[in-house]
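See structure below.
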Amino acid sequence: MTVPETLHRIPRRPWRWLPWLVASQLLVVLAWWKAGWLLGLPLMVASHALFMVPVFLPNSRFYAPVISRLPGTAPRVWLTIDDGPSDETPAVLDLLDRYQAKATFFMVGERALAHPELVQQVLARGHDLGNHSHSHPQTRFWRLGPATMGTEISACQQALTEVSGAPPRWYRSVVGMTNPFVAPALKRLGLTRVGWSARGFDGVNCTPQSVLERLRPDLQPGAIVLLHEGAAHGHNLAIIEAVLQELQAKGLRAELPDAPAPIADAPSSPVRPAPTAA
């Protein structure tokens with residue numbers, strides 16, 4: 001099935017920011033020359049902030065187009081799970097099956113190569129893959145140069161293609177940070193950048209209840225929900241189940257973005273209780 005055009009946002013002009021950078025710096029030089037540092041210095045700081053702040057805004061379109069919500073008002077959300085595959089992947093898949101939910105797993109290339117059987121399980125159970133960099137350099141991703149950034153994205157794409165047999169269509173930046181050198185790689189590889197509209201900060205130290213409280217107001221039709229697997233705090237499975245229960249209570253279904261939109265008043269199928277131990 002073809003991805004709707006509104007979701008297919010491969011960058012067309014990845015260097016469109018460059019003329020604005022040149023123009024801003026020429027303005028700074030002109031102001032400094034004409035009025036001195038009292039005007040030139042604040043303009044220089046402001047011009048640098050203009051180009052730095054968008055790097056750290058997950059849904060900023062300054063450097064690359066991004067999907068932050070599903071279009072329409074159908075009662076569905078896009079569940080996305082980052083940082084796998086991990087030892088928790090089979091249990092995550094079992095949870096998704098229990099709640100008849102589908103998700104896109106944004107995977108790290110090195111981890112996918114280390115656990116190809118987990119990638120195959122994800123696909124065999126009807127879920128989707130996304131590119132989440134090759135080595136997940138969390139603390140320095142924002143400052144990677146063009147060559148290293150291109151390698152991070154292309155190596156992950158190659159790894160996931162090798163393991164799954166088909167190239168992913170979706171990409172998510174590490175911690176959502178997108179510097180000027182992301183878009184050229186996305187254009188070259190035909191990738192669409194995906195952000196989010198519902199985030200509970202479950203990748204850091206947290207409790208399931210605190211995550212759910214942060215997520216709950218944003219679990220609305222069309223939401224893109226950011227979750228994680230394999231975090232050191234060990235709460236990801238409880239968090240994912242709590243989110244699935246909340247979606248069911250709100251009459252929302254977790255669907256892949258290219259799935260047919262459910263009818264607004266279609267009843268949700270009840271979740272079968274987990275089998276009890278003998």
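The values are calculated or read from the model by the stated rules, or taken from the named source; none is laboratory data. These figures come from a predicted structure and were not determined experimentally. Reconstructed Cβ throughout: ideal geometry from the backbone, glycine too, with neighbour counts over all protein chains shown. All accessible areas refer to the heavy atoms of the entire protein, side chains included, with ligands and DNA or RNA removed. Shrake-Rupley method; radii C 1.70, N 1.55, O 1.52, S 1.80 Å.
Restricted to region 113-133, and to residues there that are open to solvent by 40 Å² or more (accessible area, probe 1.4 Å) and assigned to a loop (DSSP other than H, G, I, E, B), the residue that is farthest from L256 (Cα to Cα) is H115.
Restricting attention to region 195-211, which residues are out of contact with any Leu (no Cβ under 7 Å at 6 or more places or on another chain) and open to solvent by less than 20 Å² (accessible area, probe 1.4 Å)? G195, C206, V211 - these are the residues of region 195-211 that are out of contact with any Leu (no Cβ under 7 Å at 6 or more places or on another chain) and open to solvent by less than 20 Å² (accessible area, probe 1.4 Å). The residue pairs whose first member lies in region 176-198 and is of a type in the set (G, A, S) and modelled with pLDDT of 95 or more, whose second member is assigned to a helix (DSSP H, G or I) and buried (at least 21 other Cβ atoms within 10 Å of the Cβ), and whose beta carbons are closer than 6 Å, counting only pairs six or more residues apart or on different chains, are A185/I153; A198/L215. Does T192 qualify as being out of contact with any Gly (no Cβ under 8 Å at 6 or more places or on another chain) and buried (at least 16 other Cβ atoms within 10 Å of the Cβ)? Spelling it out, T192 is indeed out of contact with any Gly (no Cβ under 8 Å at 6 or more places or on another chain) and buried (at least 16 other Cβ atoms within 10 Å of the Cβ). Considered as a group, the residues in region 64-96 that are within 15 Å of A238 (Cα to Cα), outside any loop (DSSP other than H, G, I, E, B) and not hydroxyl-bearing (S, T, Y) include one that is most open to solvent (accessible area, probe 1.4 Å), and that residue is D94.
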